[in-house]
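J.: Structure incoming, see below.
The values are calculated or read from the model by the stated rules, or taken from the named source; none is laboratory data. Keep in mind that this is a model prediction, so the values were computed, not measured. We place every Cβ from the backbone using ideal geometry, glycine too, and count neighbours over all the protein chains shown.
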Amino acid sequence: MKYPDLQEYAMAYLARYSNTEKGLIRVLKAKLRRWAAKAEQGGIDQSEIDEGLRQGLQQIPQIIAKVKKIGIIDDHTFTEYKINSLIRSGRSQKVIQNKLLQKGVAFDVIQSVLDQYQDIDTELLAALVYARKRRLGPFRRVDREVGDELKQKEQSSFARGGFSFVMVDKVLSMEQAEAEETIQRLRSL
């Protein structure tokens, strides 16, 4: 069972995927765990496996420092890209914040990038995209009868998506043409 070259693995991984510092640490630790499991199945002595794991865990900070130094990993750039992508796919700021925190991005990095979007009404864009994807409000089928029950279901869907009641009211009060026009206008900013 050949011991993995973690630096080579990190570079190959980052050539294909964008990730955060903490995300890369998780990936490298998982690689070590997989190696240890295969080595154990291959009958390698446990002391050798433990030594390999110890050496690998010592290499990880050096690998992280190297990829940060050459600019392959930058949590701020990753956050900018991810926020833009998530807004355009109809995610609320609350959902975006949670997703990025799960990926290991620091809260202050997330906030600084989200603050850049305050001039543009990104939450309205995200809510309209969300509505269009789920055929809610101005995008609901024309043959659906609009009643209190339907409105309540739509409001609940928006709430689960992390949107505020004020935003939901704004979207639900729009006509389809106005909503489409608003999406186009906000995407062009």
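J.: All but one of (1) closer than 30 Å to Leu14 by Cβ; (2) surrounded by 15 or more Cβ atoms within 10 Å (Cβ to Cβ) hold for Phe107, so report the exception by its number.
T.: Failing condition for Phe107: (2).
J.: Tell me, yes or no, whether the stretch 133-141 has at least one residue that is of a type outside the set (Gly, Ala, Ser) and modelled with pLDDT under 90.
T.: Initial filter on the stretch 133-141 (of a type outside the set (Gly, Ala, Ser)): 133-136, 138-141.
Applying the additional criterion that residues be modelled with pLDDT under 90 yields 141.
Yes, there is a match, as at least one residue in the stretch 133-141 is of a type outside the set (Gly, Ala, Ser) and modelled with pLDDT under 90.
J.: Considering Leu57, Leu53, Leu24, Leu32, which residue is outside the structural domain of Tyr81 (by TED's automatic domain parsing) and under 23 Å from Val109 (Cα atoms)?
T.: Numbers: Leu57 fails: under 23 Å from Val109 (Cα atoms); Leu53 fails: under 23 Å from Val109 (Cα atoms); Leu32 fails: under 23 Å from Val109 (Cα atoms).
The conditions single out Leu24.
J.: Additional query: Kindly establish whether Val129 is surrounded by 11 or more Cβ atoms within 10 Å (Cβ to Cβ), in contact (Cβ under 8 Å) with a residue 40 or more places away in the chain and either outside the structural domain of Ile183 (by TED's automatic domain parsing) or of a type in the set (Val, Ile, Thr) (or both). Can you show your working first?
T.: Numbers: surrounded by 11 or more Cβ atoms within 10 Å (Cβ to Cβ): yes; in contact (Cβ under 8 Å) with a residue 40 or more places away in the chain: yes; either outside the structural domain of Ile183 (by TED's automatic domain parsing) or of a type in the set (Val, Ile, Thr) (or both): yes.
Against the criterion (surrounded by 11 or more Cβ atoms within 10 Å (Cβ to Cβ), in contact (Cβ under 8 Å) with a residue 40 or more places away in the chain and either outside the structural domain of Ile183 (by TED's automatic domain parsing) or of a type in the set (Val, Ile, Thr) (or both)), Val129 qualifies.
J.: Would you check if Ala39 is touching a residue at least 24 places away in the same chain (Cβ under 8 Å), within 19 Å of the chain's Cα centre (by Cα) and assigned to a helix (DSSP H, G or I)?
T.: no
J.: Select from the stretch 1-36 the residues that are without any contact (Cβ under 8 Å) to a residue 24 or more places away in the chain and assigned to a loop (DSSP other than H, G, I, E, B) and write down the one among them that is surrounded by the fewest Cβ atoms within 10 Å (Cβ to Cβ).
T.: Within the stretch 1-36, the match that is surrounded by the fewest Cβ atoms within 10 Å (Cβ to Cβ) is Lys2.
J.: So, in the stretch 54-92, how many residues would count as being crowded, with 19+ Cβ neighbours inside 10 Å, among the hydroxyl-bearing types (Ser, Thr, Tyr) and over 11 Å from the mean Cα position of the chain (by Cα)?
T.: Residues in the stretch 54-92 being crowded, with 19+ Cβ neighbours inside 10 Å, among the hydroxyl-bearing types (Ser, Thr, Tyr) and over 11 Å from the mean Cα position of the chain (by Cα): 1 in total.
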